[in-house]
Structure formats: structure tokens, C-alpha cells
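Novice: Sharing a structure, written as C-alpha cells. Questions coming.
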Amino acid sequence: MNILSGRYKGLEIKTSKSFSYRPTSSKVRKSIFDILGNLQGLSVLDIFAGSGILGFEAASRGASMLTFVDNNKKVIDLIKTNSYKLNNEVKTYVYYSQWDRFLKQKKQYDIIFADPPYGKIDIDKLTKKCFSSLLKDGRFILESSKRDDIPPGGISKKYGDTIVTIWTKSV
């Protein structure tokens, strides 16, 4: 899988077919980042990180700090390996943790990406916890199944079975 645009355009992010994650397709990634625009200097949390491609794409488009969280140790090890490709140009933190335990730390971010396993997470609870971890004017981007009930207030776009919803924290 390759980064689509920005200063790391074309950089290969290694993945593994033996892992149970579902990397965000290039079409969906392009759409998300076209909507988000300039990420210069922003802090990004990629929760349910999987391949980490959303965080790596954000770094390529100017994010200055990345935090990856996943509860699979092998996935975390692969993200650490891929993060070395950024040549220490972006502050990168990688955590092996459950999402809800990690969000209790009360850290705040400009952008939060969440791509949880479809049908296995309480989307309403996830949305509330992520929203409370956003800085003012921060954006929460949720990738979910079209079968999930999505909390109101965001802008959604459908891509086959996938729905991407973006909320902005105004207060």
C-alpha cells in the first residue's frame, strides 16, 4: 500500500495479509484527505490503527504529530517498523491498548481517525469519547459500515459498504 499524496507520496507502507485488519481503500483515503485539506502542524490520533495508513497519509500532508493505537501487538510492531520510514521528521507515538482505555488519558488532538471493526463496537460511545478528545475546531473521522447507526451532526459519504462521517468540534 502506498501513500497517495504529499511529501511522502509513493512511500510504501508494508501490510500483512495474515492480519485481520481492513485497510482503508485508496479511493476512500483520497476522498477523506481532499475534504480535510491542509493538515500542516496538526496532531493526529489514528485509533483502531490497523495498517496505520490514515496516520501515515496525514503525516505526508503536513501533520506534525501522529499517535497510533491498536490492540493487536503484531499490528503495533508493523506500524513501528513503517514509522521509521518517516526519518524522524514527524513525532510518532505507538500504543498497544484498547481504544476506550487509551482515551481515558485525556489527551486532545486536532484530528482523530477511527476505523473500528464493523459491527463490533458501540459507535455512539466511540463517537462521544473521541469527540471529548478533540481540540476546538478538531475533526473526528469515522469509517463505519452502512449497517451501523451513526450519531447525528456529522457529514457522511457512502462508498459501497463503507460510510465515512466527519464531525467538527465547534465548542
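Novice: When region 117-152 is examined, which residues are found to be part of a strand (DSSP E or B) and among the hydrophobic types (A, V, I, L, M, F, W, C)?
Specialist: Passing the criteria: Leu134, Leu135, Phe140, Ile141, Leu142.
Novice: Can you tell me which condition Val171 does not meet? The list is (1) part of a strand (DSSP E or B); (2) without any contact (Cβ under 8 Å) to a residue 40 or more places away in the chain, and all the others hold.
Specialist: Of (1) part of a strand (DSSP E or B); (2) without any contact (Cβ under 8 Å) to a residue 40 or more places away in the chain, only one is false for Val171: (1).
Novice: Please state which one of Phe33, Phe56, Phe102 is assigned to a helix (DSSP H, G or I), more than 14 Å from the chain's Cα centre (by Cα), closer than 25 Å to Ser133 by Cα and hydrophobic (A, V, I, L, M, F, W, C).
Specialist: Selected residue: Phe102, the only one of Phe33, Phe56, Phe102 that is assigned to a helix (DSSP H, G or I), more than 14 Å from the chain's Cα centre (by Cα), closer than 25 Å to Ser133 by Cα and hydrophobic (A, V, I, L, M, F, W, C).
Novice: Starting from residues that are of a type outside the set (D, E, K, R), touching a Gly at 6+ places or on another chain (Cβ under 7 Å) and modelled with pLDDT of 90 or more, keep the ones in region 127-171 and report whichever is farthest from Leu42 (Cα to Cα).
Specialist: Thr165
Novice: Just one of (1) part of a helix (DSSP H, G or I); (2) surrounded by fewer than 23 Cβ atoms within 10 Å (Cβ to Cβ) trips up Asn38, so point out which.
Specialist: In the conditions (1) part of a helix (DSSP H, G or I); (2) surrounded by fewer than 23 Cβ atoms within 10 Å (Cβ to Cβ), Asn38 misses (1) alone.
Novice: Right, something else. Hey, does region 81-104 have a residue that's touching a Pro at 6+ places or on another chain (Cβ under 7 Å) and buried (at least 20 other Cβ atoms within 10 Å of the Cβ)?
Specialist: No: region 81-104 contains no residue that is touching a Pro at 6+ places or on another chain (Cβ under 7 Å) and buried (at least 20 other Cβ atoms within 10 Å of the Cβ).
Novice: Of the residues Thr81, Thr92, which is modelled with pLDDT of 90 or more, in contact with a helix residue (DSSP H, G or I) (Cβ under 8 Å, 6 or more places away or on another chain) and of a type in the set (Ser, Thr, Tyr)?
Specialist: Only one candidate passes the filter, namely Thr92.
Novice: For region 143-161, give me each residue that is within 12 Å of Pro116 (Cβ to Cβ) and either over 17 Å from the mean Cα position of the chain (by Cα) or not small (Gly, Ala, Ser) (or both).
Specialist: Glu143, Asp148, listed by residue number.
Novice: May I pose another question? Please determine, by comparing only the residues of region 105-132 that are under 21 Å from Arg61 (Cβ atoms) and touching a Lys or Arg at 6+ places or on another chain (Cβ under 8 Å), which one is surrounded by the fewest Cβ atoms within 10 Å (Cβ to Cβ).
Specialist: Only one residue fits best here, namely Asp110.
Novice: Look at region 82-99 and say how many of its residues are touching a Lys or Arg at 6+ places or on another chain (Cβ under 7 Å) and assigned to a helix (DSSP H, G or I).
Specialist: Qualifying residue count, region 82-99: 1.
Novice: Moving on. Only one of Val28, Val44 is surrounded by 20 or more Cβ atoms within 10 Å (Cβ to Cβ) and of a type outside the set (Ser, Thr, Tyr); which?
Specialist: Val44
Novice: When Ala59 is evaluated against the numbered criteria (1) touching a residue at least 60 places away in the same chain (Cβ under 8 Å); (2) surrounded by 14 or more Cβ atoms within 10 Å (Cβ to Cβ), which criterion, by number, is the only one it fails?
Specialist: Among (1) touching a residue at least 60 places away in the same chain (Cβ under 8 Å); (2) surrounded by 14 or more Cβ atoms within 10 Å (Cβ to Cβ), Ala59 violates only (1).
The values are calculated or read from the model by the stated rules, or taken from the named source; none is laboratory data. If you're wondering where the values come from, they're calculated on a predicted model, not measured in any experiment. No Cβ is skipped: glycine too gets one built from the backbone with ideal geometry, and neighbour counts run over all protein chains shown.
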